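Please read the structure below before turning to the comments.
Here, each number is a calculation from the coordinates, and none is a lab measurement. None of the values given here were measured: they were computed from a predicted structure. All Cβ positions, even for glycine, are placed from backbone atoms using ideal geometry, and neighbour counts span all protein chains on display.
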Amino acid sequence: MKIRHLLLAGVAIVAVGSANAATNVALGKATSSSSIYDDRFVSGNVVDGNIIDSDSPFGYWLSGEGGVAGEWVQVDLGGQFSIDSFSLFNTHNRDWQDRGIQGFTLSVSADGTAFTDVASTSFTNAQWLDQTALSIDPASTVLGRYVRVTANSCFGCSGVGLAELQVYGVSAVPEPGTYALMALGLAALGMVARRRQA
């Protein structure tokens, strides 16, 4: 009976070590963009946790004046991640309603130079005005470190902007703690095997 419990404990330890719930891994990470309107509307605003631009006076990114097609904003996740989904929240520049991304391409990269397209899609007019989420769920897990949103068209068209970019996934490289838990589990299994032989 004790051997069976020890075996189950070992398996549980390994399972806990390898499990990892998906979280917004973009929150608070480093960002960059092709341009900004001014220093109130920086790229870092897209990972500040403010999904509605009215919640914070300047909690969103705006491109330079008149910039539309080809303008981009990106986040550096700080390492390779297995990404399951993305959520984007648009901006209409508070009550001005003169800026916002309409059509865009979402892409990922391992090095920040060579990007692979994940999706090309558009915000609806309602998603722009109401600032409701546009979710992208790839058919299979996406691997990448950099996530970029490139504008193809716009609402308002004085420029483009984005309120929030959320990226859900887990680190593609297990953390040291995960290895430690797996080693503990394997050690427990080894003890069970030795006891059975004795």
In the neighbourhood of T105 defined by beta carbon distances under 12 Å, the net charge of the other residues (Lys, Arg +1; Asp, Glu -1) is -1
Students often check this: by mean Cβ neighbours within 10 Å, which of 31-37, 110-116 ranks highest, and how do the rest follow?
31-37, 110-116
Starting from the exponent 0.38 and prefactor 2.2 Å, build the expected Rg for the range 21-176 from its residue count and divide its actual Cα Rg by it.
0.96
Estimated distance in nm for a label pair at T116 and S32, the labels positioned 7 Å out from Cα along Cα-to-Cβ:
2.1
Please compute the net charge surrounding G44, taking Lys and Arg as +1 and Asp and Glu as -1 over other residues with Cβ under 13 Å from its Cβ.
-2
So Q97 and A69, fully extended at 0.36 nm per residue minus their Cα-Cα distance, gain in nm 8.3 nm
What is the Å³ per residue value for the convex hull set by the Cα atoms of the range 71-140?
102
